[in-house]
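Please treat every number below as a calculation from the coordinates, not as lab data. Remember, it's a predicted structure, so these values are computed and weren't measured experimentally. Virtual Cβ from ideal backbone geometry, glycine too; neighbours counted across all protein chains shown.
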Amino acid sequence: MTRYALQFGQTRPGLVYQERATAYGICASPEGALALAEITRRQEPVVYDLPGGGIEATENEIAALVREFQEEIGLPVRPERLLCRAGQYWVNQGAPRNSLASFYIVTLRGDAQPPLEPDHRLVWMSPLEAIERLRHEAHAWAVASWLRASL
């Protein structure tokens with residue numbers, strides 16, 4: 001894999017960042033709110049991410065995105081189009097990663113179900129609140145890109 005032209009986050013000296021292909025989605029309600037994953041883990045503050053995650057060896061970006069939406073926030077979605085790509089350096093549960101993320105615009109295909117991941121839940125936020133609260137700079141940049149393109 002190669003790094004994307006836009007790279008967010010900072011590396012820490014002495015850490016080796018493993019590259020991981022990921023896919024995330026921007027899903028807007030008819031009222032304009034965005035679906036986010038609220039993540040609560042023991043002894044950590046609550047964080048917000050765009051729904052999505054790692055692409056498994058047997059998947060393409062679309063299959064991973066649909067699976068991750070179901071697992072994380074219980075929403076059935078259909079990816080419509082690729083919006084942008086960016087890298088994000090971060091440390092995930094002690095493991096240094098460079099998330100090579102593809103961001104898609106997605107639409108709902110049905111009603112929400114309970115998420116499969118017990119520490120995740122669906123929350124809806126305005127795009128501006130999402131930009132402020134998303135933990136990853138790359139996710140906030142993708143929402144800002146989507147917002148500019150939808151004006």
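Remarks
- Just one of (1) in contact with a Phe, Trp or Tyr (Cβ under 6 Å, 6 or more places away or on another chain); (2) in a loop (DSSP other than H, G, I, E, B) fails for LEU82. It is (2).
- Taken together, the residues in the range 24-44 that are surrounded by fewer than 24 Cβ atoms within 10 Å (Cβ to Cβ), of a type in the set (Val, Ile, Thr) and either farther than 13 Å from HIS120 by Cα or without any contact (Cβ under 8 Å) to a residue 60 or more places away in the chain (or both) amount to 0.
- Condition check for GLU68: under 20 Å from LEU116 (Cα atoms), under 16 Å from the mean Cα position of the chain (by Cα) and charged (D, E, K, R): yes
- Considering the range 70-86, and only residues there that are farther than 13 Å from ILE105 by Cβ and in contact (Cβ under 8 Å) with a residue 40 or more places away in the chain, the residue that is surrounded by the most Cβ atoms within 10 Å (Cβ to Cβ) turns out to be ILE73.
- Count of residues meeting criterion [assigned to a strand (DSSP E or B) and touching a residue at least 40 places away in the same chain (Cβ under 8 Å)] in the range 87-134: 26
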